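Only one structure is covered here, and it is reproduced in the block below.
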Amino acid sequence: MAMKKMRILKNEWPSFVKDFNRQNQFRRAILILGEDVVVGEPGLPLVGLDYDPEERKVDIYLGGMDTENLAHLGHSVEVPRALYLIRDEEAPNPVVGVQVQGPPGTSMAYVMFEDVMPEDAKYQWIANVAYSLFEMKGEEVHGEDQKDWYEAERLINETVVFFVE
């Protein structure tokens, strides 16, 4: 692997984050802070990054199973100093991750993608959320798997739209 980092200029962060989310949403991601793996293999689907220039922070959201809060806050970088796109031109998808550098003395945050198609990760996330919905109703309620599936799709779509629009 010949990975390269490309620094994103600060005035481009808002548009970069939206484009990055559009192109990589649902890709299975691992989250690393410095040397520590926060979310490891097999990873969670990327919901998106959120850059708030007024609060001076970059938030990393991954797909969770809590039906009340599907966009699970993976990590927040206060006062970010740099954003880097990590690429590997030899990989099937050359975008392999993103790095967020915080202030001096803080750990570097990395979102690194697994080699899974976003459609596969999204399908698995929907299945997991649908199962969570089934469990919430109680095990005595059967035969509504299609209803649970459509409800899981609706909840996920409502959650992720913020990150790409």
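Only the coordinates and a few stated rules stand behind these numbers; no lab work does. Computed from a prediction, not measured in an experiment: that's the story for all the values here. Cβ sites come from the backbone with ideal geometry, for glycine too, and all protein chains shown count toward neighbours.
Quick look at the numbers
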| item | result |
| --- | --- |
| Estimated dipole of the chain in Debye, rounded to 20 [Cβ of Lys and Arg +1, of Asp and Glu -1, Cα centre] | 920 |
| Within region 68-109, backbone nitrogen closer than 20 Å to the virtual label 7 Å beyond the Cα of Asn11 toward Cβ | 80-85 |
| Global form of region 54-99, assessed from the alpha-carbon gyration tensor, a/c cut-off 1.5 | oblate |
| Between 0 and 90°, nearest 10: helix 13-24 axis offset from the chain longest Cα axis | 50 |
| Restricting region 43-93 to trypsin sites (Lys or Arg not before Pro) in coil, as DSSP defines it, with at most 15 other Cβ within 10 Å | Arg56, Arg81 |
| Ranked list, fewest to most other Cβ atoms within 10 Å of each Cβ, for Ile156, Ile86 | Ile86, Ile156 |
| Separation of alpha-carbon centers, region 28-78 and region 85-145, rounded to whole Å | 9 |
| Three-way shape call for region 3-118 based on the alpha-carbon gyration tensor, with the a/c threshold at 1.5 | rounded |
| Using alpha-carbon coordinates, inclination of helix 145-164 to the longest axis of the chain, degrees | 20 |
| Number of Lys pairs (Cα under 28 Å; 8 or more positions apart or on different chains) in the chain | 14 |
| Relative contact order %, region 3-118, counting alpha carbon pairs below 8 Å whose residues are six or more apart | 29 |
